[in-house]
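The structure appears right after this line, and notes come after that.
The values are calculated or read from the model by the stated rules, or taken from the named source; none is laboratory data. Note that the structure is a prediction, hence the values are computed from the model and not measured. Note that we place each Cβ from the backbone using ideal geometry, even for glycine, and neighbour counts take in every protein chain shown. We work out accessible area using only protein heavy atoms, side chains counted, and drop any ligands, DNA or RNA first. Shrake-Rupley method; radii C 1.70, N 1.55, O 1.52, S 1.80 Å.
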Amino acid sequence: PIRVTSGPAIAVKSDSSGTLPPRVKSSGTVIRTISWSDGKGDNIAIFSATSTSKQKGDITFLTRSIFVDVFAGKDGKLKKVRTIKEVVSRCEYDISNDFLDTSVGVTDLDNNGIGELTFAYRTACRSDVSPADMKVLVLEGGKKYILRGLTSIPGEVENDFKPDFKGAPESFLAHATKV
């Protein structure tokens with residue numbers, strides 16, 4: 001499901017077919033796309049992933065990469081404005097590197113007519129129930145704002161997230177914290 005919090009100028013469309021507009025390429029196998037129009041034109045975010053494994057003796061090492069490629073433009077002429085990439089490599093245990101579907105959304109929190117894309121993902125290579133790394137990102141145009149922290153383990157105190165929202169409106173951090 002996609003969470004949409006938008007003003008009247010932003011219409012959002014989610015697609016999991018893997019079909020991309022002409023001259024738009026993903027960094028991996030397409031999981032889903034999110035497209036919207038705002039005051040600057042048309043936008044598309046492509047969520048994708050790659051996975052590989054290598055055998056070394058008796059051990060299988062796994063690598064999983066996830067990507068978000070963001071394109072923007074007008075009149076069908078889209079140019080890449082940002083790529084987010086996260087890699088978990090050489091993992092011989094249980095590997096996690098996945099988007100949290102319920103975190104994906106488009107907003108216009110600062111009411112400037114430009115959409116903000118929000119999404120979260122968690123990463124880990126572990127053989128137990130220890131916390132995973134977790135990141136919540138808010139992208140507006142080419143700008144990136146991020147919360148970094150750890151997932152919590154049931155019954156334990158929640159971990160603090162470290163924000164990197166310098167220059168962002170206060171509403172961006174409040175929204176990311178809520179997500």
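A few points about this structure:
- If the condition is being open to solvent by 60 Å² or more (accessible area, probe 1.4 Å), under 26 Å from residue 122 (Cα atoms), assigned to a strand (DSSP E or B) and not hydrophobic (A, V, I, L, M, F, W, C), then segment 19-62 contributes 29, 51, 52, 53, 54, 55.
- Residue in segment 157-177 that is within 18 Å of residue 43 (Cβ to Cβ) and of a type in the set (A, V, I, L, M, F, W, C) present: yes
- Residue match in segment 150-158 (condition: of a type in the set (Asp, Glu) and in a helix (DSSP H, G or I)): no
- Filtered by the rule that a residue be under 17 Å from residue 165 (Cβ atoms) and either part of a loop (DSSP other than H, G, I, E, B) or more than 9 Å from the chain's Cα centre (by Cα) (or both), segment 109-118 gives 109, 110, 112, 114, 116.
Results for (1) within 28 Å of residue 23 (Cα to Cα); (2) among the hydrophobic types (A, V, I, L, M, F, W, C); (3) surrounded by fewer than 16 Cβ atoms within 10 Å (Cβ to Cβ), shown as yes or no for each residue.
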position	(1), (2), (3)
78	yes, yes, no
88	no, yes, no
123	no, no, no
136	no, yes, no
140	yes, no, no
160	no, no, yes
166	no, no, yes
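- Taking every residue in segment 1-27 that is at pLDDT below 85 and pairing it with any residue that is open to solvent by 60 Å² or more (accessible area, probe 1.4 Å) and among the hydroxyl-bearing types (Ser, Thr, Tyr), at least 6 positions away or on another chain, the pairs with Cβ-Cβ distances below 7 Å are 1/102; 3/102.
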